[in-house]
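Visitor: This is the structure I have questions about; it appears just below.
The values are calculated or read from the model by the stated rules, or taken from the named source; none is laboratory data. What you see is a predicted model, and the numbers here were worked out from it, not measured in a lab. All Cβ positions, even for glycine, are placed from backbone atoms using ideal geometry, and neighbour counts span all protein chains on display. In case anyone asks, the SASA skips ligands and DNA or RNA and just uses the protein heavy atoms, side chains included. Shrake-Rupley method; radii C 1.70, N 1.55, O 1.52, S 1.80 Å.
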Amino acid sequence: MRFKEYLPYYKRNLKVALPVMLTQLGASLVGLFDSIMVGRYATVDLAAVSFSNALFFTVMVFAMGALMGLTPLVGFQVGSLTANDNDRSVVLSKIASLFQNGMLFTILLSVLTLVLLGGCIPFLHCFGQDPTVVHAARPYYTMIVISIVPFLFFTFFKQFLEGLGNTSVAMVITLVMNGLNIFLNWLFIYGHWGCPELGATGAGIGSLVARVGMPICFVMAMYLRKEWKMYLSSIRWSGIKTSVLKELTKIGLPIGVQTLMETIAFTAAFVFIGWISKEALAAHQIANQICDMTFMVILGIGSATTIRVSHQLGARNLVGVRMASNASIHLVLLINAIGAALMIGFRNQIPTLFTEDKEVIAIASQLVVLAGVLQLADGLQVVAASMLRGITDVKVPMIIALISYTIVCISVGLFLAFSLGLGAVGIWIGFVVGLSLAAICLHTRFRFKFKELSRNVAQLK
């Protein structure tokens, strides 16, 4: 295929991806501002926020991943609207059913996460933290636990509209509410404008208020558009169907487990490198932050891939499925190759932006090189997983994630770091090996599934 033939697919994929990139980037920057603002208030409050978020995000990532299953299911129905032999009213009814049952699925997920996270509140002192940190963490942690409910509803609306092909509404809401979050932090952490000076608790208030506003804004946005308002108006108890809930669970839970496995692997890396030295941990944080920024681009392209593939699949356009998938692979390779070149080329300069400690800089410069290499493997495995989600193939990718992210990454990393004495470099080599394996396996799986679809196009009817 020539560049000219792929150009429309590059444009469409990027059009969908760019708002998601900005949404993810905005969310990550708010987390950075939270840490900076609380850190300037008091060290113990910063430790409290870090400890609380370590517990919170592990469960939240799983719940968010579980809701990702809604997007390809909605996207398939949206794509099927272009098939001439499909009754439009029937397809819209199926989308409305996914909306209603997706909302109930979100309620059930919210109850589960509240039980898991809320159950930890009386036992925060059992995690081996300093008593002063636990004391500061408890009110902050309690508020962010409560905030999980509105945040999951925001995620539900976001995934539903992404299935419809719209990613810009979530971007606008995220950026506006993140701005509100930062402003409320400024008020309640430091006690400006007559507000009480609450430290970490003030950051919790900011997060809770902003997250409550996010789903409210989504409901308002849906009411303002006639084609979306119909889904809100169609909510009926009679619309709850066990079969649809099972389908959402069947697709969503493996995705949730897959995202959880990756989170656990990266969280474990912080623990393992912390065993080596504080300088190694600081260097790891530098390399990890650089990766986080480039990962936002990958996530955007991944989300766009799931949407575009599901739409093409629903339209029974297998050529479109292949072209949209390949276009995302090309984009990821191009963008991450540039990122890798910059990281490797400026490996000695990048760490100096974060620290003047020569020992940290020496370690970080090696890790930044590995971070550059990791970009290619990570980008390819993310886009492959997204392609598979687009065709609702999630169980085998979950198993691949379990093996690659946890067993391979962690075992190889620990062996190289401690048995061979490579330290933090060994942990990062473990990630390169594990994510490379995931990329190879996931792309192989997609090729197998695509051939299966090609042999039996009738199953799409």
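Visitor: Scan the stretch 377-388 residue by residue and report those that are closer than 15 Å to N326 by Cα and either without any contact (Cβ under 8 Å) to a residue 24 or more places away in the chain or open to solvent by 10 Å² or more (accessible area, probe 1.4 Å) (or both).
Guide: L380, V382 - these are the residues of the stretch 377-388 that are closer than 15 Å to N326 by Cα and either without any contact (Cβ under 8 Å) to a residue 24 or more places away in the chain or open to solvent by 10 Å² or more (accessible area, probe 1.4 Å) (or both).
Visitor: Hey, another quick one. Does the stretch 227-241 contain any residue that is over 18 Å from L70 (Cβ atoms), in a helix (DSSP H, G or I) and hydroxyl-bearing (S, T, Y)?
Guide: Yes - at least one qualifying residue is present in the stretch 227-241.
Visitor: Would you check which residues across the stretch 6-20 are open to solvent by less than 20 Å² (accessible area, probe 1.4 Å) and over 23 Å from the mean Cα position of the chain (by Cα) and list them?
Guide: Y6
Visitor: Inspect all residues belonging to the stretch 199-221 and state whether any of them is open to solvent by 30 Å² or more (accessible area, probe 1.4 Å), closer than 24 Å to A304 by Cβ and in contact (Cβ under 8 Å) with a residue 12 or more places away in the chain.
Guide: yes
Visitor: Considering the stretch 408-434 alone, what residues qualify as being without any contact (Cβ under 8 Å) to a residue 40 or more places away in the chain, closer than 20 Å to V382 by Cβ and buried (at least 21 other Cβ atoms within 10 Å of the Cβ)?
Guide: Of everything in the stretch 408-434, just one residue is without any contact (Cβ under 8 Å) to a residue 40 or more places away in the chain, closer than 20 Å to V382 by Cβ and buried (at least 21 other Cβ atoms within 10 Å of the Cβ), namely G430.
Visitor: A follow-up question, please. Specify which of the listed residues (V257, V271) is open to solvent by 70 Å² or more (accessible area, probe 1.4 Å) and either in a helix (DSSP H, G or I) or modelled with pLDDT of 90 or more (or both).
Guide: Exactly one residue qualifies, and that residue is V271.
Visitor: If A458 passes every condition in (1) at pLDDT 90 or above; (2) part of a helix (DSSP H, G or I); (3) not hydroxyl-bearing (S, T, Y) but one, which one does it miss?
Guide: (1)
This table checks each residue for (1) crowded, with 21+ Cβ neighbours inside 10 Å; (2) at pLDDT 85 or above.
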site	(1), (2)
A63	yes, yes
A83	no, no
F105	yes, yes
G119	no, yes
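Visitor: Restricting attention to the stretch 235-244, report how many residues are open to solvent by 30 Å² or more (accessible area, probe 1.4 Å) and touching a residue at least 40 places away in the same chain (Cβ under 8 Å).
Guide: The qualifying residues number 4.
Visitor: Sticking with this one: Among the residues of the stretch 172-183, are any over 25 Å from the mean Cα position of the chain (by Cα), open to solvent by 80 Å² or more (accessible area, probe 1.4 Å) and in contact (Cβ under 8 Å) with a residue 40 or more places away in the chain?
Guide: There is no residue in the stretch 172-183 that is over 25 Å from the mean Cα position of the chain (by Cα), open to solvent by 80 Å² or more (accessible area, probe 1.4 Å) and in contact (Cβ under 8 Å) with a residue 40 or more places away in the chain.
Visitor: Determine, yes or no, whether L334 is free of Cβ contacts under 8 Å to residues at least 24 places away in the same chain, open to solvent by 60 Å² or more (accessible area, probe 1.4 Å), under 17 Å from N288 (Cα atoms) and of a type in the set (A, V, I, L, M, F, W, C). If you could, list the steps in order and put the result at the bottom.
Guide: Values: free of Cβ contacts under 8 Å to residues at least 24 places away in the same chain: yes; open to solvent by 60 Å² or more (accessible area, probe 1.4 Å): yes; under 17 Å from N288 (Cα atoms): no; of a type in the set (A, V, I, L, M, F, W, C): yes.
So L334 does not fit the description; no.
Visitor: Separate question: When the residues of the stretch 394-407 are narrowed to those that are out of contact with any Pro (no Cβ under 7 Å at 6 or more places or on another chain) and surrounded by fewer than 23 Cβ atoms within 10 Å (Cβ to Cβ), which ends up farthest from M261 (Cα to Cα)?
Guide: Looking at the filtered set, the residue picked out is V396.
Visitor: Where in the stretch 355-442 are the helices (runs of 4 or more DSSP H), entirely inside, with at least 3 residues that are among the basic types (K, R)?
Guide: Ranges flagged: none.
Visitor: Is it fair to say K449 is of a type in the set (K, R) and modelled with pLDDT under 90?
Guide: no
Conditions (1) of a type in the set (D, E, K, R); (2) without any contact (Cβ under 8 Å) to a residue 40 or more places away in the chain; (3) part of a helix (DSSP H, G or I), marked per residue:
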site: V74; (1), (2), (3): no, no, yes
site: T82; (1), (2), (3): no, no, no
site: V90; (1), (2), (3): no, yes, yes
site: L98; (1), (2), (3): no, no, yes
site: N101; (1), (2), (3): no, no, yes
site: L116; (1), (2), (3): no, no, yes
site: P122; (1), (2), (3): no, yes, yes
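Visitor: Please verify whether the stretch 194-208 includes one or more residues that are closer than 23 Å to S50 by Cβ and in contact with a Cys (Cβ under 7 Å, 6 or more places away or on another chain).
Guide: Among the residues of the stretch 194-208, not one is closer than 23 Å to S50 by Cβ and in contact with a Cys (Cβ under 7 Å, 6 or more places away or on another chain), which makes the answer no.
Visitor: Restricting the stretch 337-376 to residues that are polar (S, T, N, Q) and either modelled with pLDDT under 90 or closer than 30 Å to R12 by Cα (or both), which is least open to solvent (accessible area, probe 1.4 Å)?
Guide: Q375
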